[in-house]
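Let me begin by presenting the structure, written as structure tokens, before commenting on it.
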Amino acid sequence: MTQRFYVTTPIYYVNDAPHIGHSYTTIAADVLARYHRAEGYDVRFLTGTDEHGIKIVKAAAEKGMGPRELADQVVVHFQQLWKDLNISNDDFIRTTQERHEKRVQEIIRRLVAKDEIYAGSYAGWYDEGQEEFVTESTARETEYKSAISGKPLVRYSEKSYFFHLAKWIPALKQHILANPDFIQPDSRRNEVLSKLEQGVEDLSISRASEKLGGWGIAMPNDPTHSVYVWIDALSNYYTALGLPDIGDGADPALGSYWPASLHLIGKDILWFHCVYWPCLLMALGERLPTTVFAHGWWTSEGKKMSKSLGNFVSKEVILELCGEYHRDAFRYFVLREVPFGVDGDFSRAAFQQRYNVELANAIGNLLSRTVNMIGRYFDAAVPETQQALLAGSSVALRELTGLEAEHLAGPLQALGQEVPVLMAHCQFSLVLQKVMELATAVNRYIDVTSPFTLAKDPSQRPRLGTILYTCAEAVRIVLNYLSPFMPEKTATGLAQLGLTIGSESLSQRVRWGVLEPGTKVAKGEPLFPRKQ
Ligand code: MSP
């Protein structure tokens, strides 16, 4: 049976246009979706927008608009940016879509029927930017300001419906302890576990809808109340797959993607995803996602991103970089620069440096050296290796021995063994580092074996053939490993080697010796032209 892989990004607030933080998670999810498709998985990749809540109501009012108008305007920027970054999502959910609203109401109905919801009243602090309830002790510590935005917390005191969150905490703890991969990286898992020790209260899951100007999903048991925006938002991962048993017309096959394999999120929304969401699912009697992975935050040019400081990596800046360097270079940079899971800094200097050193000098140069030499010395046809020539051209004999093995066997073996494990743990920067190590090893191998010198001596022709076969085969493998990260550039590079990405799985494609001698290479433009 084909394995399924269901990956999600957070759904983004439509109060403002997308920036590097949103792009980061979405690119990571895209790379994982492409990687798993290439490995033969049945993939579902979901992203979307979070359009309800006080944050949107207020942002719209500041702009003199209604919330729907603002959402309709801003959602287009997200959808367009994902096209511009070549994101291959299978669905895009908006929480204002009827399909979502109806299914959220059904979820609430089911929770009410299971006695998981009760009426009460909430008196306490609220962070309107984060749409988050804040305990008295935390509020005191942060001087009654948002820990994220620094804006004053707002005092709420009103009737509300509550979810029996506290009663599910022991089961949640047990799940976290029994499943080390449930919250990743480990530092985040420890953070959740230690915060759970401080005790958890039941969760207010509704607001008087008049306080929201009627903007939100009505509680089905009490239409004067709207569903708390985080309950509405978290449910998207589930509602996007449909609830065909309520006759909503969804394709029943979609349900088989549940539970999600991976929710990718930023570190600030860990608690919602690792406490509220699994407890809600347990209360519904549903299975829990396999992994929630929280990545770090970007600063820019050494400081917190801010529009007034002029260091904001907005969608305009992203598009400008994509225009100058190519969108694949942007996708590469964000996943290469910072280990996924920790904070990192964006800077134009670092971008240019990585581009020139790794993409232009190491990868692009390796490809053009290889294609040029095969063009010049072998009439643009990939030569046969010496051993295969001796043995009568058996593919099985095209294996690494001697100097070739000395230079390349190590990095190739490391890739073969480690990439699946690293990808399973979202360690993109290490995957890219390992690929770079192979590219560097091949460049060194060319320097050491000096094919341009051998080419002057006709008696060395078989040896020259071995060397150039080795280079072409190694470049092919490098490009295949990079293909989920840089789908277009790698396709162009492979085309210069006379190849297309076939239908075999990625792990089959990266085996040594797949390249057929005789394949016609074609010189092309530099894959990554150097930038000054
Ligand atoms: N709407 C909620 C998520 C609901 S998911 C059921 C939300 N939206 S958001 O638009 O404010 O943020 C979306 C994501 O962007 C979060 O994962 C957040 O961590 C991420 N980032 C926002 N700024 C960021 C950086 N500077 N760097 C990296 N990621 C950042 O929260």
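The values are calculated or read from the model by the stated rules, or taken from the named source; none is laboratory data. Predicted model, so just to flag it, every value in this text is computed and none were measured. Positions of Cβ are generated from backbone atoms using ideal geometry, with glycine treated the same way; all protein chains shown enter the neighbour counts. Note: accessible area is taken over every heavy atom of the protein model, side chains too, but ligands, DNA and RNA are not part of it. Shrake-Rupley method; radii C 1.70, N 1.55, O 1.52, S 1.80 Å.
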Quick one: which residues, 5 or more positions from D42 or on another chain, have an amide H under 5 Å from its amide H? H modelled 1.01 Å from N in the peptide plane, none for Pro or chain starts. Q3, R4, F5
I'd like the orientation of helix 315-325 relative to the chain: the angle between its Cα long axis and the longest Cα principal axis, in ° from 0 to 90, rounded to 10. 0 degrees
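Measure up K114/K195; K58/K307; K434/K520; K63/K315 against 24 Å on the Cα-Cα distance and list the ones that go over.
Listed pairs above 24 Å: K114/K195; K434/K520.
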Where only protein heavy atoms count, and the probe is 1.4 Å, what is the accessible area per residue for the chain in Å²? 41 Å²
Sequence of I501, I87, I265 from largest to smallest accessible area, 1.4 Å probe: I501, I87, I265
Name the long-range amide H neighbours of S160: under 5 Å, sequence gap of 5 or more, or other chain; modelled H, no Pro or chain starts. G120, S121, Y122
Please arrange L254, L430, L479 by accessible surface area, largest first, computed with a 1.4 Å probe and ligands excluded. L430, L254, L479
Straight-line reach check, K523, cutoff 16 Å on alpha carbons, 8 or more apart in-chain or any other chain, hits among lysines -> K489
For the chain, find the longest principal axis of its Cα atoms and tell me its angle to the long axis of helix 402-424, 0 to 90°, nearest 10. 10 degrees
Quick one: which residues, 5 or more positions from A250 or on another chain, have an amide H under 5 Å from its amide H? H modelled 1.01 Å from N in the peptide plane, none for Pro or chain starts. L243
In square nanometres, what is one fourth of the surface area of the convex hull spanned by the alpha carbons of the stretch 234-376? 13.6 nm²
Length added when fully stretched, K456-D345, from 0.36 nm per residue minus Cα-Cα: 35.1 nm
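If I take every Cα pair under 8 Å that is 6 or more residues apart in the chain, average their sequence separation and divide by the length, what percent do I get for the relative contact order?
Rounded, it is 15 percent for the chain.
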Starting from the Cα of K151, step 7 Å along the direction of its Cβ; do the same at D268; then give the gap between the two resulting points in nm. 1.1 nm
Whenever you get a sec, compute what percent of the accessible area on the chain sits on carbon and sulfur atoms (1.4 Å probe). 52 percent
First measure r as the distance between the Cβ atoms of D16 and K83, then evaluate 1/(1 + (r/R0)^6) with R0 = 22 Å and state the FRET efficiency to the nearest 0.05. 0.70
Applying the gyration tensor rule to the Cα atoms of the stretch 1-132 (axes a ≥ b ≥ c; rounded if a/c under 1.5, else prolate if a/b exceeds b/c, else oblate), the class is oblate
For V478, V76, what's the largest-to-smallest order of accessible area, 1.4 Å probe? V76, V478
Whole-Hz ³J(HN,Hα) from phi, Karplus 6.51 cos²θ - 1.76 cosθ + 1.60, for the stretch 522-529, glycine and proline x: 9, 4, x, 4, x, 5, 10, x
Which whole-Hz ³J(HN,Hα) couplings does the stretch 210-226 yield from phi under the Karplus relation 6.51 cos²θ - 1.76 cosθ + 1.60, θ = phi - 60°, glycine and proline marked x? 5, 5, 10, x, x, 8, x, 9, 5, 5, x, 8, 7, x, 6, 10, 10
Angle check, please: helix 169-178 long axis (alpha carbons) against the longest principal axis of the chain (alpha carbons), in degrees 0 to 90, nearest 10. 10 degrees
On full extension of the chain, what length is gained from T519 through S187, given 0.36 nm per residue of separation minus the C-alpha to C-alpha distance? 114.6 nm
Please give, to one decimal in nm, the separation of the simple spin-label points placed at E210 and R99, each 7 Å out from Cα toward the Cβ. 3.6 nm
Could you work out [θ]222 nm for the chain from helices alone, using -39500 (n - 2.57) per DSSP H run of at least four and dividing by all its residues? Round to the nearest 500 deg cm²/dmol. -14000 deg cm²/dmol
Residues in the stretch 66-109 reached by a label modelled at L319 [backbone nitrogen below 14 Å; 7 Å Cα→Cβ]: 74-86
Diffing the stretch 251-264: the Karplus 3J(HN,Hα) column from phi (6.51, -1.76, 1.60, θ = phi - 60°), in whole Hz with x for Gly and Pro, holds 5, x, 5, 4, x, 6, 6, 7, x, 4, 6, 7, 9, 8
Between Q353 and S505, what length in nm is gained on full extension when 0.36 nm per residue of separation is reduced by their alpha carbon distance? 51.5 nm
